[in-house]
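Here the structure is laid out as structure tokens; the discussion comes afterwards.
Read-outs throughout are calculated quantities, based only on the coordinates presented, and are distinct from any laboratory measurement. Owing to the predicted nature of the structure, the values given are computational and were not obtained by experimental measurement. Every residue, glycine as well, gets a Cβ built from its backbone with ideal geometry; the counts of neighbours run over all protein chains shown.
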Protein chains: 2
Amino acid sequence: MLLTIDLDGEVPIYQQIRDRVVEAIADGDLVEGSALPSTRQLAADLAINFHTVNKAYDLLRQQGVIRINRKSGAVVRRDPASGPAEAGFAEEWQARLRTLLAEATVHGLGEQETLRQCGEVLDSFGTRKGRTPT
Amino acid sequence: MLLTIDLDGEVPIYQQIRDRVVEAIADGDLVEGSALPSTRQLAADLAINFHTVNKAYDLLRQQGVIRINRKSGAVVRRDPASGPAEAGFAEEWQARLRTLLAEATVHGLGEQETLRQCGEVLDSFGTRKGRTPT
DNA sequence: CTATCTGTTATAGTTCATCTATATCAGATA
DNA sequence: TATCTGATATAGATGAACTATAACAGATAG
């Protein structure tokens, strides 16, 4: 199975699918041109309705992460910076980062330790197959 | 006004309140012993129902961030590590960090630039009034 | 051509989270 | 006593999330 989903979790299923795909791309498990499973296929694998998968794919398409043809299905794009929802992404992302880091700080995680974990996660990206370092 | 809330946003109001309080603590705008507005007062200021504020405060209490007495109202605690929802916090937080950083990576933000922004946010914390450096 | 896969779209229903609206009770306080 | 507070219960409206069918069109393998 490509994706690990928690059907009983608090996070909506379609958002979990989106998150897993984005992480897989960051990890390098999915590269430019990689094909995602068909909506009905993935829905069958996850034992959910295909509309839920459809919604997740549609989200990824809006964000410019994938490209969807009737021919080739859902395919990972190269330049997510061209999605229609890309304007103001940086600001919205920074706001979320701020909230997340504030949470760590309040829970007693020191600045250096927090920063170390950030670096650790970032280092775990790109240490796989493709991912040309430019 | 203490908190800035977007009533028409996608994020639930009670969660926005929670986020703003957590950020205010990280910023040092709220320190150990600081009193939060009463639920009805804050609800009136934000023009929302006091039950929504109540839910936000209850969330903060569950997470050990504040302490609520009938006497002194909602007061910022010192040790959020003693909340009942503290077990497994680190793991859950890292999962969210991973998702957030993957998003930045996929959107073309480089590792160094991402890490720089993390440091920038963290540096903005603790550079205010109270916050005894121990 | 037929069968089957795919994406796309539409409609409808259930369940649940969110928010609001009232109301009541009890402790604290002026 | 009057008023503020937190705590709690109930109820309703709205919308998000998910499911269930159904139908259509393009692509593809037999």
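A label point on B:ASP6, set 7 Å along the Cα-to-Cβ line, lies at 2.6 nm from each of its counterparts in the other copies, closest listed first. Hydrodynamic radius of the stretch B:13-82 by the Kirkwood approach over all distinct alpha-carbon pairs: 11.9 Å.
Relative to the longest principal axis of the Cα atoms of chain A, helix A:89-106 runs at roughly 50 degrees.
Sorting the segments A:98-109, A:49-60, A:65-76 by their residues' average number of neighbouring beta-carbon atoms within 10 angstrom, most packed first, yields A:98-109, A:49-60, A:65-76. Chain A residue nearest the rotation axis toward B, with distance: A:CYS118, 2 (Cβ to axis, whole Å). Once the Cα-Cα distance is subtracted from the 0.36 nm per residue extended length, the A:ASP79 to A:VAL31 segment shows a gain of 16.1 nm. Shielding value for A:108-121 is 5, the average number of Cβ atoms from other chains within 10 Å of each residue's Cβ. Between copies, the label points of A:GLN112, set 7 Å from Cα on the Cα→Cβ line, lie 2.3 nm apart, reported in increasing order to one decimal in nanometres. Figure legend: label point modelled 7 angstrom from the Cα of B:LEU7 along Cα→Cβ; residues of the stretch B:41-81 with amide N under 17 Å from it are B:41-54. Once both labels are modelled 7 Å past Cα along the beta-carbon direction, what's the B:GLU91-A:GLN62 spacing in nm? Using points 7 Å along Cα→Cβ, the separation is 3.2 nm.
What's the whole-number percent of alpha carbon pairs in chain B lying beyond 26 angstrom?
Numbers: 2851 of 8911 pairs.
Here the long-distance tail beyond 26 Å is 32 percent of all Cα pairs in chain B.
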